[in-house]
Amino acid sequence: MDAKLVVDLLYWRDVKTTGVVFGAALFLLLSLSVCSIISVCSYVGLALLSVTITFRIYKGILQAVQKSDEGHPFKAYLTQNVTLSEDLVHKYSDVALTHLNCTLKELRRLFLVEDLVDSLKFAVLMWILTYVGALFNGLTLLILGLIAVFSTPIIYEKHQAQIDHYLALARNQIKDIFGKIQAKVPGMKPKAE
């Protein structure tokens, strides 16, 4: 997927396309929160088949009544190539493998306490995530994440000055608090930059 296309989707440059993508993704996630993935896939497949079969029968009847010979209504789509090329699969699997190896190395570094401060930060993150996990399930977080991904960029674009101002204030406060903590706790000297 082209990066420009993703940016255009997230910034709602084409409202109709973004609305369809956002609505379909949100509908899918909400459906998964009510039904199992097998049921959702079956219902989506049945809905798609109902539309295509009905359209095919309608076009067949229309051709019979008008005595035309237009052929199969999905002929253009039946001839399109829908296979994935080996190069494309290798490209994305290589990228995924690179990210997976990087993640595994970082997890090894954190769990085997190569750097005490980073491992402690990771432990605090895991502790916070236990509370998040108690409040929300993964699907709820995916729904909230989807809504955030489609709403945050446009909100930031419209209110960038105010958001940047308050983020700078919050960043300075957090930096001051971490500086005070690092000064008081032995062995937590700040890293040299």
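Some notes on this structure:
- Build a GNM of the chain with springs between Cα atoms under 10 Å apart, and of N172, N137, N81 the one that fluctuates most is N81.
- By accessible area, using a 1.4 Å probe on protein heavy atoms only, the chain has 69% of its surface on carbon and sulfur.
- When the convex hull of its Cα atoms is viewed from all sides, the chain shows a mean projected area of 18.3 nm².
- Relative to its residue count, the stretch 1-65 spans a Cα convex hull of 133 Å³ per residue.
- Cα point-scatterer Debye curve for the stretch 95-193, base-10 log of I(q)/I(0) at q = 0.13, 0.19, 0.22 Å⁻¹: -0.83, -1.25, -1.16
- Contact order normalised by residue count of the chain, Cα under 8 Å, 6+ apart, percent: 34
- Helix-only [θ]222 nm of the chain, DSSP H runs n ≥ 4, -39500 (n - 2.57) each, per residue, nearest 500: -27500 deg cm²/dmol
- Heavy atoms of the protein chains alone define the surface here; on that basis the chain has 82 Å² accessible area per residue at 1.4 Å probe size.
- Of the residues D118, D176, D87, the one that moves most in a GNM of the chain with alpha-carbon contacts below 10 Å is D87.
The values are calculated or read from the model by the stated rules, or taken from the named source; none is laboratory data. Values in this document were obtained by computation on a predicted structure and should not be read as measured data. For accessibility, only protein heavy atoms count, side chains too; no ligands or nucleic acids. Shrake-Rupley method; radii C 1.70, N 1.55, O 1.52, S 1.80 Å.
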